[in-house]
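Data first, discussion second: the structure below is written as structure tokens.
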Amino acid sequence: MELGFKCTLISGYLSRFDFDHMAVVVELEQPYLVDVGFGEFFFRRPIPLNGDVLKDMSGDYRVITDEIYPDRFLLQQRKKDRWRTRYSFDLKQRQLKDFEQTYRWLADNPNAYKANLMLRKHLKNGFISLYNNKLTIIEDDIVRRIQIPKHLVLIT
């Protein structure tokens, strides 16, 4: 299904590979970063690539140009009045096949993400997430964190 937007599949660089993370840049009146799969650090609305701050229930985010590599951008999240880079990316168009080696590594490596239980359900005004035995519920800016006894969570 196509919605008629000009979209570019891009690669985010975390640390392991050139193709660590997949995201999308969408062209509207200006380019925006759209990322629906970045675990705990996520934002619900597109972020412009011009440095404007997006205030979201999970924090404040911005995308700025990398000072060292000017052809790259940095996705940053503000934590305790300090901007922290989550990943960098460029605007080079990628194909799904470009991520194949990373997918294989993640599927076969026991130290990869599959060693952890991760679930997230979005709510109208928040989300519920489970990371191993840590349950977090954020609704209407109220945060509840619950530690579930490990013997009640099935992690293989």
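Please treat every number below as a calculation from the coordinates, not as lab data. Because the structure is a prediction, the values reported are computed rather than measured. When we count neighbours, we look across all protein chains shown, and the Cβ atoms used for this are built from the backbone with ideal geometry, even at glycine.
Of 127, 137, 152, which is farthest along the charge dipole of region 116-156 in the positive direction, counting Lys and Arg as +1 and Asp and Glu as -1 at C-beta?
152
I need the GluC sites (Glu not before Pro) found in region 62-156, filtered to DSSP loop residues with at most 16 other beta carbons within 10 Å of theirs.
Counting only loop positions with at most 16 other Cβ atoms within 10 Å, the GluC sites (Glu not before Pro) in region 62-156 are 67.
Would you work out the charge dipole size for the chain about its Cα centre, treating the Cβ of every Lys and Arg as +1 and the Cβ of every Asp and Glu as -1, and quote it to the nearest 20 debye?
720
Identify which of the listed values of Rg and Dmax of the Cα atoms in Å was calculated from the structure shown: [x] 28.1, 84; [y] 15.1, 46; [z] 16.9, 51.
Structure-derived value, by its label: [z].
Using the structure shown, list the pairs from 6/92; 55/150; 55/121; 80/150; 55/79 with a Cα-Cα distance above 23 Å, or answer none.
55/150; 80/150
For a test of the definition: using alpha carbon positions, the gyration tensor, and the 1.5 limit on a/c, classify region 116-156 as rounded, prolate or oblate.
In terms of gyration-tensor shape, oblate.
How large is the dipole of region 116-156 about the Cα centre if only Lys and Arg carry +1 and Asp and Glu carry -1, each at its Cβ, rounded to the nearest 20 debye? Walk me through the numbers before you get to the answer.
Details: 7 positive and 3 negative charges, 31 e Å.
Using only the charged Cβ atoms, the result is roughly 160 debye.
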